[in-house]
Each structure stands twice: as C-alpha cells, then as structure tokens.
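Beneath this line is the structure, given in structure tokens, with notes to follow.
The values are calculated or read from the model by the stated rules, or taken from the named source; none is laboratory data. Just so we're clear, the structure is a prediction, and the values are computed from it rather than from any experiment. So basically every Cβ, Gly included, is an ideal-geometry build from the backbone, and we count neighbours across all protein chains shown. With ligands, DNA and RNA removed, areas are computed over all heavy atoms of the protein, side chains included. Shrake-Rupley method; radii C 1.70, N 1.55, O 1.52, S 1.80 Å.
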Amino acid sequence: GQHILINPLVINAIIEKAAIKPTDTVLEIGPGTGNLTVKLLEVAKKVVACEVDPRMANELQKRVQGKHYASKLQVIKGDAIKTDFPFFNVCVANVPYAISSPLVFKLLNHKPAYRCCVLMFQREFALRMVARPPSSMWCRLSTNCQLLAKVDHLMKISARSFKPPPKVESSVVRIEPRHPPPPIDFNEWDEMIKICMNRKHKKLHGLFLHSKTVVRLHKIYLSHCTLSNIEPKPVEDFKKLLLDALASPSVDGAELLYDRRAAGMQLEDFMFLLRRMSERGIRFK
C-alpha cells in the first residue's frame, strides 16, 4: 500500500524547496489522496498527477471538484515507469521504493529539459544518491546520478509524517539536470561503472584484467571491429590495450589508474578512465 504524506510542515517545505513559479507545469508522481497536490495547485499554473491506483486517482479528482483550481489539474491513471510524461518544469514525488531507481533514471534522461525534481525516497536510497567518495555509500547509483545532475539532500522526514508510517525513515532530495548534459555515451559509462563498482575496494587492474572481464570486453571489441571493418587484435594484444589504458596517471597525477580503487575515485577520474579506454577502441556495450 501507499504511505500518504500527512505532515503539513513537510508538505510546505517541499513546496518551498521546489521554488514553483506561477507559470510552471508541475508533474506529481504518486499524489495519493492529494495532500501535496492541493498545495501545488495553489501555486502552479498546472499540475499533472500520475497515479497508478485508480481508487486514489478517483479520490483525488473528487477532492478538487468544485474548487477554483479544479481546471488546473490533469490526472494520468497509470504506472509512472511505463507512462510517457508530458512537458513539465518541475517534478515532485513521494517515490515508492520499488520504482526508485528506474524512476530516477527515467527523469534524468527525460527530454525536453526541465528545471528540477524534488523527490522523497527511503533514507538509505537518498544517501546513496548524494554520497561522495570515500563514503561507504559511494556506488553506481551515486556516480550515475551525479554524472547527469546536481543532487542535494534537502531534509530528513520521520516515519510519523506518513499514514500508515513506513518501517524506515525518508529523505527529500533535489535533482537539477546538468545543462548541457556531459558529452558521454551513458550506456558505455554505466557498463564501465558496473565493472568498477562491483568490487569497489579492488584495484582497477585486478578488475579489468580479470580473465572473464577480458574475454567479455574482447567479444564486444570484435563486434565493433567487424562493424567498422577493422582488423581486430587477438585477445593477448587486446589485453595490452587494457594495460596501456590503465598505465596513465590519474587526473590528479598522484598514482596510475592501474593502482586506483573505485571506492576513492571522483567523477573526473571515471570520465578520464572512460576516455582512455575509448581512445584505444575499448567499448563496454
């Protein structure tokens, strides 16, 4: 079931942090019974509410019936992950845990550009989104979110702010997409980050020169060579390409990429690593 936000102080704080303008269209995901929706309708030009539970959607429509702002509300009944979002300036959501990751990346890849999202998540998920190295929370989610957006932790919310109270605490996070987005193929980036973060305390050479990784990357390399009509290198020479990419000094020049561990690497280090790999024809997808 859905945990409905009932604390008026939290609702007002979210409205304030979203900095909604009178000309804004707001996308609200998971409006529930509409406690936040009615406040959004007072300040926005239009609110598009996406609700998967048809009973909740009907209750929301009944709640605004006859109110002066009723015409500003559009309700979309459906799953937020499968629904094509209309244009919006700001997104506000109380995000169910089960769709946290797919929803974040759907929003981060959404076009046309929007100003920001103010989203509620389970505390642990939120902390992983905003983590920086060398925090133990630094992970694939952190690097991917921060590559595509500026992510800030705004506030903690106690379980008592919801009805029924969830078993865990929540947090509110603000996401501002980077404009323009970084000139990086996200699929390539993500596959490389998977290798790095899978065992983030291991040195990069141990991760990339692991026999299974070498075989998998060589397979991808062979298909790219076929597509580009290039004579491919045998696996042993391909391994030398990997070694050569890892033999570069880090961005800060302190040590070779070869000896770095993902647990302590910054975004710039990963971007540099991807560039070094790419320059040698090493692909991850």
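Points worth noting:
- Flag for Ala18 being within 18 Å of Ile157 (Cα to Cα), out of contact with any Asp or Glu (no Cβ under 8 Å at 6 or more places or on another chain) and either β-branched (Val, Ile, Thr) or open to solvent by less than 20 Å² (accessible area, probe 1.4 Å) (or both): yes
- Residues satisfying the stated conditions in segment 11-51, i.e. of a type in the set (A, V, I, L, M, F, W, C), more than 14 Å from Cys91 (Cβ to Cβ) and in contact with a helix residue (DSSP H, G or I) (Cβ under 6 Å, 6 or more places away or on another chain): Ile11, Leu41
- Sole exception among (1) open to solvent by 90 Å² or more (accessible area, probe 1.4 Å); (2) more than 17 Å from Leu243 (Cβ to Cβ); (3) assigned to a helix (DSSP H, G or I) for His201, by number: (3)
- So Ile4, is it in contact (Cβ under 8 Å) with a residue 12 or more places away in the chain, under 24 Å from Ala126 (Cβ atoms), open to solvent by 20 Å² or more (accessible area, probe 1.4 Å) and within 26 Å of the chain's Cα centre (by Cα): yes
- Comparison of Arg115, Arg128 shows that the only residue that is modelled with pLDDT of 95 or more and farther than 22 Å from Leu36 by Cα is Arg128.
- Subset of segment 237-285 that is small (Gly, Ala, Ser) and in contact (Cβ under 8 Å) with a residue 40 or more places away in the chain - its residue that is surrounded by the fewest Cβ atoms within 10 Å (Cβ to Cβ): Gly264
- One residue stands out among those in segment 144-160 that are in contact with a strand residue (DSSP E or B) (Cβ under 6 Å, 6 or more places away or on another chain) and open to solvent by less than 30 Å² (accessible area, probe 1.4 Å): the one that is nearest to Glu16 (Cα to Cα), which is Ile157.
- Residue selected from segment 48-74 under the condition assigned to a helix (DSSP H, G or I) and in contact with a Leu (Cβ under 7 Å, 6 or more places away or on another chain), by the criterion least open to solvent (accessible area, probe 1.4 Å): Val64
- Residue count for segment 110-127 under the criterion of being in contact with a Pro (Cβ under 9 Å, 6 or more places away or on another chain) and open to solvent by 20 Å² or more (accessible area, probe 1.4 Å): the result is 4.
- Candidate set from segment 75-97 (those that are outside any loop (DSSP other than H, G, I, E, B) and open to solvent by 70 Å² or more (accessible area, probe 1.4 Å)); member that is modelled with the highest pLDDT: Lys77
- Considering segment 225-274, the residues that are of a type in the set (S, T, N, Q) and part of a loop (DSSP other than H, G, I, E, B) include one that is modelled with the lowest pLDDT, namely Ser250.
- Of all residue pairs spaced 6 or more apart or on separate chains, those with beta-carbon atoms under 7 Å, a first member in segment 180-192 that is in a helix (DSSP H, G or I) and a second member that is aromatic (Phe, Trp, Tyr) and buried (at least 17 other Cβ atoms within 10 Å of the Cβ) are Glu188/Phe284; Glu191/Phe284; Met192/Phe284.
- Selection count where residues are open to solvent by 50 Å² or more (accessible area, probe 1.4 Å) and within 14 Å of the chain's Cα centre (by Cα), scope segment 128-143: 2
- Val214 falls short of the stated requirement of being of a type in the set (Val, Ile, Thr), closer than 13 Å to Val104 by Cα and surrounded by 15 or more Cβ atoms within 10 Å (Cβ to Cβ).
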